[in-house]
Number of protein chains: 2
Amino acid sequence: MSKAIFYHAGCPVCLGAEQMLISAINQDKYPLEIVHLGEQPDRIGEAESAGVNSVPALTLGGQVFHINFGAAIADLKA
Amino acid sequence: MSKAIFYHAGCPVCLGAEQMLISAINQDKYPLEIVHLGEQPDRIGEAESAGVNSVPALTLGGQVFHINFGAAIADLKA
C-alpha cells in the first residue's frame, strides 16, 4: 500500500486543494497524510528530497504532483 | 454527485497525472471524465470557462486544480 502525503503551508490555495484531496482520494487505497510545513519545518528536507518545489503538493507512488501554486518551498525556510 | 473532469493534451506530464487520478480518485463518489483537448479541441472553450489555464488540470466541485505543468491552454489552439 502506497501512502499519499500532502504538503502544504496553510495558504488559501493549499486549503482548497486539501479539501479536494480529503474528499476525493480513495483513502482505503492511499491513506492520506497531511503535513503543514509551516508547523513542521523539520519535514521540509524530506519534502525537498521527494521533489517538492512548491506547496500545495502531493506525493504518491514516488511521483510529485504540484497542485496550483501557493508558495515556493524555499520561502518556507524562515 | 459531482463529476470530476481531467483535461489533458497527451503530454508526458499529463499522462503521469492521469494515471495517478485514475488510481487514486474515489470514482464511486466522483466519476472521472478524461478529456484530451488535442483530440477534442471543441471542448477547449468549456475548459477555459471552467478556469483551466494549462494542462493537465482537474475540475471538481467548481474548483480548478492545475497539476504540474504540461502546456498552456493557449498553445492548444492550433
Is there any pair with a first residue in segment A:64-77 that is in a strand (DSSP E or B) and a second that is among the aromatic types (Phe, Trp, Tyr) and surrounded by fewer than 19 Cβ atoms within 10 Å (Cβ to Cβ) whose Cβ atoms are under 9 Å apart and which are 6 or more apart or on different chains, and what are they?
-> A:66/B:69
Residue hits (segment A:1-59; of a type in the set (Lys, Arg) and closer than 24 Å to residue B:22 by Cβ) are A:3, A:29
Lone unmet requirement of (1) part of a helix (DSSP H, G or I); (2) acidic (Asp, Glu); (3) farther than 19 Å from residue B:74 by Cβ for residue B:28 = (1)
Looking at (1) of a type outside the set (S, T, N, Q); (2) at pLDDT 95 or above; (3) in a helix (DSSP H, G or I), find the lone condition where residue B:16 falls short.
-> (2)
Could you please let me know if residue B:47 is out of contact with any Asp or Glu (no Cβ under 6 Å at 6 or more places or on another chain), free of Cβ contacts under 8 Å to residues at least 24 places away in the same chain and assigned to a helix (DSSP H, G or I)?
-> no
Just a yes or no: is a residue in segment B:48-64 touching a Cys at 6+ places or on another chain (Cβ under 6 Å) and either of a type in the set (Ser, Thr, Tyr) or under 25 Å from residue A:3 (Cβ atoms) (or both)?
-> yes
Checked segment B:51-63 for anything under 13 Å from the mean Cα position of the chain (by Cα) and touching a residue at least 24 places away in the same chain (Cβ under 8 Å); matches are B:52, B:55, B:56, B:57, B:58, B:59, B:60
Here is a list of conditions, (1) surrounded by 13 or more Cβ atoms within 10 Å (Cβ to Cβ); (2) facing chain A (nearest Cβ under 9 Å); (3) more than 16 Å from residue A:67 (Cα to Cα), and residue B:28 meets all of them except one; can you say which number that is?
-> (1)
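The values are calculated or read from the model by the stated rules, or taken from the named source; none is laboratory data. None of the values given here were measured: they were computed from a predicted structure. Reconstructed Cβ throughout: ideal geometry from the backbone, glycine too, with neighbour counts over all protein chains shown.
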